[in-house]
Amino acid sequence: MVINEILQKIEKKIIVSCQATSSEPLYKEECMTAMIRSVIAGGASGLRLAGARDIKNAKAITDIPIIGLTKPDPIPKNWKEVVYITPTVKDVEVLANAGADIIAFDGTSRQRPKENLAQIIDRIHQLNKLAMADIATFEEGLMCKLLGADIISTTLSGYTVETENKDKDEPDFELLEKLVKNLDCPIILEGRIWIPEQAKKAFDLGAHSVVIGSSITRPQLITKRFIKAIK
């Protein structure tokens, strides 16, 4: 797919994040592939997938755009303090070789383990992929746009030390709105989207796309919300 075609395919559409850690029952390859098939059947216009295995399996069954990323397993205990989403150029290359159309990376201002953000973005572009920055603050979004990121996503708002006091039950609409008004590139809302009305509000505020994960693909978290609500 050419870059403009990828962006057009996900414009004003829902992208579903299908991810699981090795400690979760759905991590099994056949389970994740079934989950991917299920959300596609439901109308997902894009996928957000972690790791080469699931990206390759998805490419074999669909041509919708795929956002690829890498994560350590298990996630480090100090995850609020460290960069762990596609942290290195090597990770970028693994995702590109697997067939990801868009490569998501941690675009926060936290200390990086190896290459800097400019090097990460440049390598993504060298591989003819779209660079999607997962950020937590407006300043980080601006920085990543200036460095050449093609897409800015609110993914990490509420998941860094600086933003950990954000509302845990509500997407960061304030950040979305500020990014949309100030940056001339696609802005994606991701994080804490639990009901359809929140996705609709995101589009009303100018989101290019909305990524939904846990409320669709993490049964244990959905169950916990119901249990918590009745206690």
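Numbers at a glance
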item: For ILE212, residues with placed amide H under 5 Å, excluding near neighbours; result: ILE15, VAL16, SER17
item: Cα centroid separation - the range 163-183 against the range 34-76, whole Å; result: 25
item: For the range 71-81, 3J(HN,Hα) per residue [Karplus equation, 6.51 cos²θ - 1.76 cosθ + 1.60, θ = phi - 60°, Hz, x = Gly/Pro]; result: 9, x, 9, x, 5, x, 5, 9, 4, 6, 9
item: Dipole magnitude of the chain about its Cα centre (Cβ charges: Lys, Arg +1; Asp, Glu -1), debye to nearest 20; result: 620
item: Neighbour-limited loop hits for trypsin sites (Lys or Arg not before Pro), the range 1-38 (at most 16 other Cβ within 10 Å; DSSP other than H, G, I, E, B); result: LYS12, LYS28
item: Directionally averaged projected area (convex hull, Cα atoms, the chain), nm²; result: 11.9
item: Lysines whose Cα lies under 17 Å from that of LYS168, excluding same-chain neighbours fewer than 8 positions away; result: LYS80, LYS224, LYS228
item: Value at 222 nm in deg cm²/dmol, rounded to 500, when DSSP H runs of n ≥ 4 in the chain each add -39,500 (n - 2.57); result: -11500 deg cm²/dmol
item: Using a Förster distance of 22 Å, the FRET efficiency for SER38-ILE75 (Cβ separation, nearest 0.05); result: 0.35
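Coordinate-derived values only; no laboratory data. Remember, predicted model here, so these are calculated numbers, not experimental data. Don't worry about glycine lacking a Cβ; one is built from the backbone with ideal geometry, like all the others, and counts go over all protein chains shown.
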